[in-house]
Amino acid sequence: MRVTVETIDRQQEEQVLIRCHEVTDTVREIRHFILSRQESLEGYEAGKQFQIPLPEIYYAEAVDNRLFIYTEEKVYEVKMKLYAFEEAYGSKQFFRCSRTAVVNLMRIDYLRPALNGRLCARLQNGEDIIISRKYVNSLREILKRREGSGNE
């Protein structure tokens, strides 16, 4: 597959063109990833409202009936429940990893075994997130599908 990047002037609209023989799962995944890069979420920090681009989110965690979004260096509160976040963004590279957390799969640096059948996910910012035993098999299935679709 050949990849071409062309620089245009600022008056023109940016676009991504995918030319393929057939629309495979890999092509759908690439399209979905590109579209998700444009989405953002409204969050609050120190009483101020911010737009948080989805790709900058490392993970979301529910604490005391409040939802917190963690980026590389900041933490924002979001006015939604964890299950609603998972429903809205679960198909956009986010994965429920425990009863109280959802992790961005694109921000995982590596996985390593943890105690009692759990996994530890090291994120790109150096933080560790535990993948509870209940979700380990689901994560393995997702990773296996991605490996398989990468061979097309």
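What's the number of the only condition in (1) buried (at least 16 other Cβ atoms within 10 Å of the Cβ); (2) hydroxyl-bearing (S, T, Y); (3) in contact with a strand residue (DSSP E or B) (Cβ under 8 Å, 6 or more places away or on another chain) that T100 fails to meet?
T100 satisfies every listed condition except (1).
Condition check: among the hydroxyl-bearing types (S, T, Y) and either within 22 Å of E29 (Cα to Cα) or surrounded by fewer than 17 Cβ atoms within 10 Å (Cβ to Cβ) (or both). Does Y83 satisfy that? Explain how you work it out, then say what you get.
Numbers: among the hydroxyl-bearing types (S, T, Y): yes; either within 22 Å of E29 (Cα to Cα) or surrounded by fewer than 17 Cβ atoms within 10 Å (Cβ to Cβ) (or both): yes.
Yes; evaluated as a whole, the condition is true for this residue.
Would you check which residues across the range 6-57 are within 15 Å of S91 (Cα to Cα) and in contact with a Lys or Arg (Cβ under 9 Å, 6 or more places away or on another chain) and list them?
D25, E29, H32, F33, L35, S36, E39, L54, P55, I57
Residues that are closer than 19 Å to S40 by Cβ and over 16 Å from the mean Cα position of the chain (by Cα), at least 1 per element: which strands (runs of 3 or more DSSP E) completely within the range 73-146 meet that?
In the range 73-146, 75-78 are the strands (runs of 3 or more DSSP E) which contain 1 or more residues that are closer than 19 Å to S40 by Cβ and over 16 Å from the mean Cα position of the chain (by Cα).
Within the range 123-147, can you find the residues that are among the charged types (D, E, K, R), closer than 12 Å to Y110 by Cα and free of Cβ contacts under 8 Å to residues at least 24 places away in the same chain? Even if it seems obvious, please write down each step before you answer.
Looking only at the range 123-147, we keep the residues that are among the charged types (D, E, K, R), and these are 127-128, 133-134, 140-141, 144-147.
Now restrict to residues that are closer than 12 Å to Y110 by Cα: 127-128.
Answer for the range 123-147, where residues must be among the charged types (D, E, K, R), closer than 12 Å to Y110 by Cα and free of Cβ contacts under 8 Å to residues at least 24 places away in the same chain: just D128.
Here is a yes/no grid of residues against (1) in contact with a helix residue (DSSP H, G or I) (Cβ under 8 Å, 6 or more places away or on another chain); (2) modelled with pLDDT under 95; (3) not aromatic (F, W, Y):
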position	(1), (2), (3)
V23	no, yes, yes
V63	no, no, yes
L67	yes, no, yes
L105	yes, yes, yes
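Suppose we filter I69, I30 for residues that are of a type in the set (A, V, I, L, M), under 16 Å from the mean Cα position of the chain (by Cα) and outside any strand (DSSP E or B); which single one remains? Spell out the reasoning first.
Values: I69 fails: outside any strand (DSSP E or B).
On inspection, the qualifying residue turns out to be I30.
The values are calculated or read from the model by the stated rules, or taken from the named source; none is laboratory data. The structure presented is a predicted model; accordingly, all values stated were derived computationally and were not measured. Counting neighbours? That spans all protein chains shown, and the Cβs are built from the backbone with ideal geometry, glycine included.
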